[in-house]
1. Residue separation times 0.36 nm, minus the C-alpha to C-alpha distance between GLN160 and ARG48: what's the value?
2. Taking the Cα centre of the chain as the origin and placing charges on Cβ (Lys, Arg +1; Asp, Glu -1), which of LEU303, VAL212, ASN261 is farthest toward the positive end of the dipole?
3. For region 3-334, give me the percentage of DSSP beta bridges that are antiparallel, rounded to the nearest 5 percent.
4. Could you list HIS120, HIS317, HIS166 so that the one with the fewest beta carbons within 10 Å of its beta carbon is first and the one with the most is last?
5. Using just the helices of the chain, give the 222 nm mean residue ellipticity in deg cm²/dmol: DSSP H runs with n ≥ 4 each add -39,500 (n - 2.57), and the total is spread over all residues, rounded to 500.
6. Quick check on the chain: take the gyration tensor over C-alpha atoms, sort the square-rooted eigenvalues as a ≥ b ≥ c, and tell me if it's rounded (a/c under 1.5), prolate or oblate.
7. Work through the residues other than HIS235 whose Cβ is under 12 Å from its Cβ and net out their charges, Lys, Arg +1 and Asp, Glu -1.
8. With r defined as the distance between the Cβ atoms of SER223 and LYS148 and R0 fixed at 25 Å, what FRET efficiency is calculated, to the nearest 0.05?
Amino acid sequence: MQSRLFVPAAAVVVAVTMGAMTGSAQSPTPRVQSERAVAASKSYTPPRTPWGDPDLQGSYTTTNENGVPLERPNQYPAQGTMSDEEFHRIVLAQKERARASAGRIGGADTGAGPTHWYEHLDAEPTQLWMISDPIDGKLPALTPEGQKRVQAARGARPAQQTRFEHFGLYDRCITRGLIGSVIPVIYGNSLDITQGPGVVAIRNEMIHESRVIPLDATPRPSSTIKSLMGVSRGHWEGNVLVVETTNFTDRTQIGINGNGNPHSEALKITERYIPVNRKTVRWEVTVNDPNTWTQPWTFGLPLTQDPTQSVIEYACHEGNYAIRNILTGAAAQSK
C-alpha cells in the first residue's frame, strides 16, 4: 500500500515559509477569481448523478495554490492592477526559484527532506492571496475575547516543549481542522468527493479526515455535542453545493496546517463548492465567529480534478518520531 510519512514540525515550518515566499506574486485578486467562477458556473452545466444531483465526484488537488497566503501581502494593492500576462511571467520565474530553493533545502540538514517530497514545484497559483472579503484582503480585527484566546494559545506552547500537551493537534497526528485540512502545503493535498442519494462524503488526504454530509433535513445534534471537525449539513443551490458546519470545539485553529487564530465554539463555517468546468470546482468559505472576529470573512481557491492525485494513506502516527525525539531531547537537556 502506498503511504506518506509524517514530516517533523520544523520541516513543515521551513517548507511553508519557502512556499509563502515563492507563491505570493499572483494575479488577479481572489474577488475577481470568485466573480469569474460564479460567472463560469452559470454557463457550465455539470453532469448529473443517476438520482439527478450535480455530479462533482472525483479526486481533486489544491497543490497549485501552495504558498498562497490567506491575507493580502502588503506589497500588492487590494484591487489588483497586474495583467494576466505579467502574472504568468512572474509565476514562471517563481517556479524556477522554488525548484532552486527546494534543492538547497532538501540537500541541507534541515529536516525538510529530499526534493522529491515537494509536490508543488510545478504549481501555477491563480491569485495573490485567498481572502476576498473584506475587500482589502486582510483578516478582520479580533474581538477582545479573540485577542485573549490568541495570547492564551501562544502561552500554552513554550519555546521548549517538555510535555506532550505543548504540541499542536497536527504535531500529534490528530487533525488540522476543517479548513487546515484543505489549504495546500508541500504535499498531501488531495481530497475526494463521493456522492450518494441524499449524502456527500468528502475525504482529505491529511490527516485522514472523512466527512459524511447529509443533504436532507436531518436534525443536528444538541449544541452540547461538539467535535473537532464540527457537524455538517448540506444542500444544493442550483449547481452549487453549500455546506454549513457548526458544533465545533474551541481546540482547533484556522490557517495553514491547522495553525493560525484559535476560534471559539460559536464558529460557523459555510462552504460553497462552485463547479466551474469539467476539471475545476471553486471552494469558497465564509468564516463566522462573532466571539473571535469583528465580522465574518470569506476566502477561496480552486480545487482541480486530477485522477492521478487520489487520496492515499497518510501514515502520520507510524512515522511521527518528532515528538518522541523532542521530548527525549528535552528530558536529557534538563539533566
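1. Working: separation 112, 0.36 × 112 = 40.32 nm, distance 5.38 nm.
Separation in residues times 0.36 nm, less the Cα-Cα distance, equals 34.9 nm.
2. ASN261
3. Values: 52 of 56 bridges.
Here the share of antiparallel DSSP bridges comes out near 95 percent.
4. Working: HIS120 27, HIS317 12, HIS166 17.
In order of increasing Cβ crowding within 10 Å: HIS317, HIS166, HIS120.
5. After summing the helix terms and dividing by the residues of the chain, the value is -8000 deg cm²/dmol.
6. Details: a/c = 1.41, a/b = 1.18, b/c = 1.19.
Note, shape of the chain comes out rounded.
7. Net charge around HIS235: -3.
8. 0.65
Throughout, read-outs are computed from the coordinates displayed, never taken from laboratory work. Bear in mind that the values here come from a model prediction, so they are computed numbers and not experimental data. Note that each Cβ is placed from the backbone with ideal geometry, even for glycine, and that neighbours are counted across all protein chains shown.
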